[in-house]
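Chemist: Following this message is one structure expressed as structure tokens.
Laboratory data are not the source of any read-out in this text; all were calculated from the coordinates shown. What you see is a predicted model, and the numbers here were worked out from it, not measured in a lab. Note: ideal-geometry Cβ built from the backbone for every residue, glycine included; neighbour counts use all protein chains shown.
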Amino acid sequence: MIVKTLKENEAVEYSSFLNSVPEALIYHTLPYLKHIGNELQADLEVLIVREETKQDILGALPFLFSQHGKYGRICNSSAYFGSNGGFLLRSSIGEDTKVEVMEKLYVAFEDLCEEYGVSSSTIISSPFDDNTNLWCESNASFDFKDSRIGQVTPLPEFTNQDSIEQDLIDIFSDPRPRNIRKARKSGIEVYRSTDPEDLDFLFDVHVDNISAIGGLTKRKDFFQEIPTRYSTSEYAVFIAQLNDKKVAGLLLFYFNNTVEYFTPATIHEFRNLQPSSLIILEAMKDAVRRGFKYWNWGGTWKSQTSLHSFKKKWGAVDMDYYYYTRVYDQNILEASREELGSEYSNFYVVPYDKLKHE
């Protein structure tokens, strides 16, 4: 086997390889990785393992290096809001080969972290990825392990157009069906879009929503670049409107078997009409028609009980994933969470409860 970093002229082959990995998500694709790399001004590397004779890609590990901050650089596989990383393995290879591929990728990953002068590195698995979790538990050199509750709704198989909605309603719990009925009775209508104007609307409402709770918003550039980086089959914005006025939106990404619930936003004065509930139903119906198997709600903190309950009532099941962090420079543990957030925005550095002054 040969380990190397992916070159630009191998992009098509890498994309083809991802199609052989059922667990692969949008977060592993080059359009997304380059999008995030540009957003964070980070350096992207993708390690691949090839078979020496046939030259097929057997496995890969994508990751991003932050810019140089006060404590050096940070490495994540992968960075940004809720992104998953981890090992990607061709499904057709045997278990022993998978272990060997992961070993080679990890050694090369550690070497690159040393070359880049990394202060901490984190491999983030995904809700669909047992390989990374099992291998890292027994073989990776990590100082800290963190976790998130991954929540995923298995979508019903498409049988016929007339049954899609009822098939979905059957997996929801109260009050979701009631919320959907209220939205319809209120006159809410939903449409699917890839129009830049609808992305602009989503961004504006997103900023209002997140700023109101003191959260960290995504930048406008992130939304504006979407139409230039993805095909129209890889993303969509679902918009709810009332009397031709836009009142809510939801950004989704699509890849392989999975729909990613990425950015929801609702104008505050219309929340009680439940436009987001109708958006989710219509977006799920669209996903079922297109043959997608999973709706990925993203990670939930164990402390976020109300958020966990919200997702669960849409038929979501728990599929935990993990953060495996190695600290190379112990000085980073002397920092405050505010300092790390400022120096390494949108990178996972260390669990904040492990900082010495927390």
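Chemist: Assuming R0 = 41 Å, what is the FRET efficiency of residue 353 and residue 51, from their Cβ-Cβ distance, to the nearest 0.05?
Modeler: Once the sixth-power term is evaluated, E becomes 0.45.
Chemist: Sticking with this one: Which listed residue (180, 223, 206) has the Cα farthest towards the positive end of the charge dipole for segment 156-292, taking +1 on Lys and Arg C-beta and -1 on Asp and Glu C-beta about the Cα centre?
Modeler: So the residue we want is 180.
Chemist: Turning to a different aspect of this structure: How much length is gained if the chain between residue 269 and residue 320 is pulled fully straight, taking 0.36 nm per residue apart and subtracting their Cα-Cα distance, in nm to one decimal?
Modeler: So the chain would gain 14.9 nm between residue 269 and residue 320.
Chemist: Right, another one. Among 54, 354, rank each residue by its count of other Cβ atoms within 10 Å, from fewest to most, as a rough exposure measure.
Modeler: Going from sparsest to densest Cβ surroundings: 54, 354.
Chemist: Among 357, 28, 206, which comes first, then next, by fewest other beta-carbon atoms within 10 Å?
Modeler: Listed from fewest to most nearby Cβ atoms, that is 357, 206, 28.
Chemist: Let me ask something additional. Work out the FRET efficiency for residue 103 and residue 8 from their Cβ-Cβ distance, taking R0 = 22 Å, and round it to the nearest 0.05.
Modeler: 0.25
Chemist: Of all the C-alpha pairs in the chain, what % are more than 33 Å from each other?
Modeler: Everything past 33 Å amounts to 30 percent.
Chemist: Next question. What is the gain in length, in nm to one decimal, between residue 245 and residue 130 on full extension, counting 0.36 nm per residue of separation less the C-alpha to C-alpha distance?
Modeler: This chain segment gains 36.9 nm when fully extended.
Chemist: Take peptides 319-328, 169-178 and line them up by average Cβ neighbours within 10 Å, highest first, as a rough protection proxy.
Modeler: For the peptides 319-328, 169-178, the packing ranking is 319-328, 169-178.
Chemist: Pairs on different chains or at least eight residues apart, Cα atoms closer than 24 Å: how many lysine pairs in segment 156-292 fit?
Modeler: Pairs that pass both the separation and distance tests number 12.
Chemist: If a helix is a whole DSSP H run, which ones in the chain reach 27 Å or further along their own axis (Cα) and hold a mean Kyte-Doolittle hydropathy of at least -1.0?
Modeler: Answer set is 95-115.
Chemist: Right, another one. So what is the calculated 222 nm ellipticity per residue for the chain, using -39500 (n - 2.57) for each DSSP H run with n of 4 or more, over all residues, to the nearest 500 deg cm²/dmol?
Modeler: Calculated mean residue ellipticity at 222 nm is -10000 deg cm²/dmol.
Chemist: While we're here: Relative contact order for the chain using alpha-carbon pairs under 8 Å, separation at least 6, rounded to a whole percent?
Modeler: 23 percent
Chemist: Along Cα→Cβ, 7 Å out, is where each label goes; now give me the distance between the ones at residue 185 and residue 329 in nm to one decimal.
Modeler: Output for this residue pair reads 6.0 nm.
Chemist: Another question, if that's okay. Below 10 angstrom from the Cβ of residue 20, what's the summed charge of the other residues (Lys, Arg +1; Asp, Glu -1)?
Modeler: 0
Chemist: Sticking with this one: Mind checking which lysines have their C-alpha under 22 Å from residue 7, skipping anything on the same chain fewer than 8 residues away?
Modeler: Straight-line reach from residue 7, under 22 Å: 34, 54, 104.
Chemist: Here is a follow-up. Segment 32-104 to segment 249-308: how many Å between their Cα centroids?
Modeler: Going from one Cα centre to the other spans 27 Å.
Chemist: Expressed in nm to one decimal, what extension gain is obtained for the pair residue 210 and residue 231 from 0.36 nm per residue of sequence separation less their Cα-Cα distance?
Modeler: Contour length minus the Cα-Cα distance gives 4.8 nm.
Chemist: Set the Förster radius R0 to 22 Å, insert the Cβ-Cβ distance between residue 257 and residue 163 as r into 1/(1 + (r/R0)^6), and round the FRET efficiency to 0.05.
Modeler: Plugging the Cβ-Cβ distance into 1/(1 + (r/R0)^6) gives 0.60.
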